[in-house]
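The values are calculated or read from the model by the stated rules, or taken from the named source; none is laboratory data. It should be emphasised that the depicted structure is a prediction, and the values quoted were computed from it without experimental measurement. Don't worry about glycine lacking a Cβ; one is built from the backbone with ideal geometry, like all the others, and counts go over all protein chains shown. Accessible surface is based on the protein model in full, side chains and every heavy atom, while ligands, DNA and RNA are left aside. Shrake-Rupley method; radii C 1.70, N 1.55, O 1.52, S 1.80 Å.
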Amino acid sequence: MKEKQSIKGYRYVLQAFLMWGVLAIYWKSLKHIGEWELLSHRVIWSFIMLTIYLGITQKNQFKQIWRNKKNRYALLSTSILIGINWGVFIYAVNADKIVQAGLGYYITPLVNMFLGITILKEKLTKTKTLALTMVTGAILFLTLKVGEFPYISFILAFSFGFYGLVKKTIKVDNLPSLAFETTLLLPLAIAYQGFLWSNADSSLNHLDLQSIFLLIGTGIITILPLYWFTKGARKVNLTTVGFFQYVAPTIMLLIGIFVYNEPFESNHIIAFAIIWSAIAIYVYALIVEKRKN
């Protein structure tokens, strides 16, 4: 029975990261719509679908968030962070910078480690120090050789890193907390849609039926992988989840290079090779720590 539960867990987690990996293609199909408008639609449709789902399954937990002052303030900050993360990712896809987005999610776990050291005062082992130094060196190399600082990567990595850091301070499941975050972002999303309608700039005025369905689907693509991840993470250990998290940026990288022909020259290969080596060292350090514990 336990083995079956683990297999289910692996499947759910893998499904989540596979879907997160291919989302670039989904957003690319909506490139003809502005980034801010896409972001507002994502917030609105995610809110609607989460409200319906949680209204049926977890109504009480959603109410508890409103009653807890600490949770409310924490989720106010995470709503801003996730809004930034979503917006920058949509921009990256539509600006032909999927490779940079992939790099951002590669270095996110190492950014988490950096935040743990600087903010939570966690101890840093020699192995993790080496991994962090290698990533720093790779970013500097990329900046100097390519001539462009990977700002998209850093915004994605740090916004998601701080998002995870704040989420550690509260004990609320992922879906109810996301519902609360979209509730806080909803007034801004509706106000922006109202602004577009008042100026006759809304894409809904001239979109084909397929694009409208894709816009509605932004709520599904936001909730579904998170739902799978939440179900799967409860059935497998965190080290395994740590391995799976690199599936999504790897798919993004491959999509950027082979589907959308984004530049990936010798300097990129060197920098990514250093980052991949740093990730291998980081994962090795996690395994060693788990064995000791």
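The figures follow:
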| read-out | value |
| --- | --- |
| Compactness relative to 2.2 N^0.38 Å, alpha carbon Rg of region 1-152 | 1.30 |
| Dimensionless Rg/Rh of the chain - Kirkwood Rh, Rg from C-alpha atoms | 0.97 |
| Linear extension gain, Leu18 paired with Asp96, 0.36 nm per residue minus alpha-carbon span | 26.0 nm |
| Debye, to nearest 20: dipole size of region 141-293, +1 on Lys, Arg Cβ, -1 on Asp, Glu Cβ | 1000 debye |
| Helix-derived mean residue ellipticity, 222 nm - over the chain, DSSP H n ≥ 4, -39500 (n - 2.57), to 500 | -27500 deg cm²/dmol |
| GNM top mover of Phe162, Phe244, Phe258 - the chain, alpha-carbon springs below 10 Å | Phe258 |
| Whole-percent carbon and sulfur share, accessible surface of region 177-293, 1.4 Å | 66 percent |
| All-pairs Cα distance distribution in region 74-133, expressed in whole percent, bin size 10 Å | 20, 37, 32, 11 |
| 19 Å Cα-Cα threshold exceeded, pairs from Lys69/Lys171; Lys123/Lys167; Lys121/Lys171; Lys128/Lys167; Lys69/Lys168; Lys123/Lys292 | Lys123/Lys167; Lys121/Lys171; Lys128/Lys167 |
| Rough spin-label spacing in nm, given labels placed 7 Å along Cα→Cβ, for Ser77 and Tyr151 | 2.5 nm |
| Loop-located trypsin sites (Lys or Arg not before Pro) in region 84-148 whose Cβ has at most 16 other Cβ within 10 Å (DSSP) | Lys121, Lys123 |
| Region 219-286: C-alpha gyration tensor shape, a/c 1.5 cut-off, then a/b vs b/c | oblate |
| Label-to-label distance, nm, for residues given as Leu115 and Lys171 (7 Å Cα→Cβ offset) | 2.1 nm |
| Farthest toward positive dipole pole in the chain [+1 Lys/Arg, -1 Asp/Glu at C-beta], among Trp86, Phe17, Leu188 | Phe17 |
